[in-house]
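K.L.:
This structure is in structure tokens; I'll ask about it shortly.
The values are calculated or read from the model by the stated rules, or taken from the named source; none is laboratory data. This one's a predicted model, so the numbers in the text were calculated from it and none came from an experiment. In this analysis, Cβ positions are derived from the backbone assuming ideal geometry, glycine residues included, and neighbour counts consider all displayed protein chains. Just the protein is used for accessible areas: all its heavy atoms, side chains included, with ligands, DNA and RNA removed. Shrake-Rupley method; radii C 1.70, N 1.55, O 1.52, S 1.80 Å.
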Amino acid sequence: MSRQPRTQNVTTDAGEARITWVASPAPRLVLAVGHGAGGGIEARDLKALAAALPGHGVTVALVEQPWRVAGKKVAPAPKTLDTGWRGLWPALAAPKLPVVSGGRSAGARVACRTATELGAAAVLALSFPLHPPGKPEKSRAGELLGAGVPTLVVQGGNDPFGRPDEFPPGPYALAEVPHGDHGFAVPKRSGATEEQTMRVVTDAVAGWIASLG
């Protein structure tokens, strides 16, 4: 595989999905990352990971769910998202490398729900939406705690969907992005630039992946 990004359309039971492959010159695993319910693979953290990780032996597969490929504005129900992810898995596993299943927000939930079933090597949960904003009683912790494989949560310190100190104890690692909101944007008063903030994200993910062996 070359370093030049390559797109691949994949037919799933939820419609046609798309993978943008950003290859490592010496890959030892694939990191498949899906987007959230309110955006696509242009999210700042997904772009940063795609730029940084190939140099660490990680081929990054940026996954667009069928609803995004079809140009729809609103994500479908979780069950449909899971169906799309399942349909993509054979293509993600085709390089015959371990696959880390990941995503941001709604995509992180999909990765957690399907990890054991699909045989994911691990889960990367970016901005895991622990609860709807202002509704901590509606916890989705069960999805995270039930992933069943090594898991890293990367969470903004000011994420209204769940700050790091709201997460329950469990069999996962958690890296905090200081001052970050749900999209890892930080206020100017924090003194941190977007580049510095993205380096926090990419360093945390690269270090965790290296620890997987």
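K.L.:
Pick out, from Phe167, Val33, Gly84, the residue whose Cα sits farthest towards the positive end of the charge dipole of the chain, with +1 on the Cβ of Lys and Arg and -1 on the Cβ of Asp and Glu.
P.N.:
Gly84
K.L.:
Right, another one. Please compute the net charge surrounding Lys135, taking Lys and Arg as +1 and Asp and Glu as -1 over other residues with Cβ under 15 Å from its Cβ.
P.N.:
Once positives and negatives cancel, what remains is 0.
K.L.:
Mind telling me which of Arg163, Arg189, Arg86 comes out most flexible in a GNM of the chain, alpha-carbon contacts under 10 Å?
P.N.:
Fluctuation is largest for Arg189.
K.L.:
Could you tell me the accessible area of Glu176 in Å² (1.4 Å probe, neighbours in place), rounded to the nearest ten?
P.N.:
Taking all protein chains as shown, Glu176 has close to 100 Å².
K.L.:
If the limit is 23 Å between Cα atoms, which of Lys47/Lys72; Lys72/Lys96; Lys47/Lys188 go over it?
P.N.:
Lys72/Lys96
K.L.:
Given (1) 1.19; (2) 0.94; (3) 1.16, which label gives Rg/Rh (Cα atoms, Kirkwood Rh) as computed from the coordinates?
P.N.:
Looking at Rg/Rh (Cα atoms, Kirkwood Rh) for this model, the match is (2).
K.L.:
Subtracting the Cα-Cα distance from 0.36 nm times the residue separation, let me have the gained length for Arg199 to Lys72 in nm, one decimal.
P.N.:
42.6 nm
K.L.:
Straight-line reach from Lys138: which aspartates and glutamates fall under 19 Å, measuring Cα to Cα and dropping same-chain residues less than 8 apart?
P.N.:
Candidates past the 8-residue exclusion: Asp159, Asp165, Glu166.
K.L.:
Once fully extended, how much extra length lies between Thr116 and Glu166, figured as 0.36 nm per residue of separation less the alpha-carbon to alpha-carbon distance?
P.N.:
15.5 nm
K.L.:
I've got another one for you. For the chain, give the share of DSSP beta bridges that are antiparallel, in percent and rounded to the nearest 5; count only bridges with both residues there.
P.N.:
The answer is about 30 percent antiparallel.
K.L.:
Using a Gaussian network for the chain with springs between C-alpha atoms less than 10 Å apart, which of these wobbles most: Val69, Val123, Val154?
P.N.:
Sorting by GNM fluctuation, first place goes to Val69.
K.L.:
Moving on to the next point. In Å, what Rg and Dmax follow from the Cα atoms of the range 1-90?
P.N.:
In Å, with Rg to one decimal and Dmax whole: 13.0, 37.
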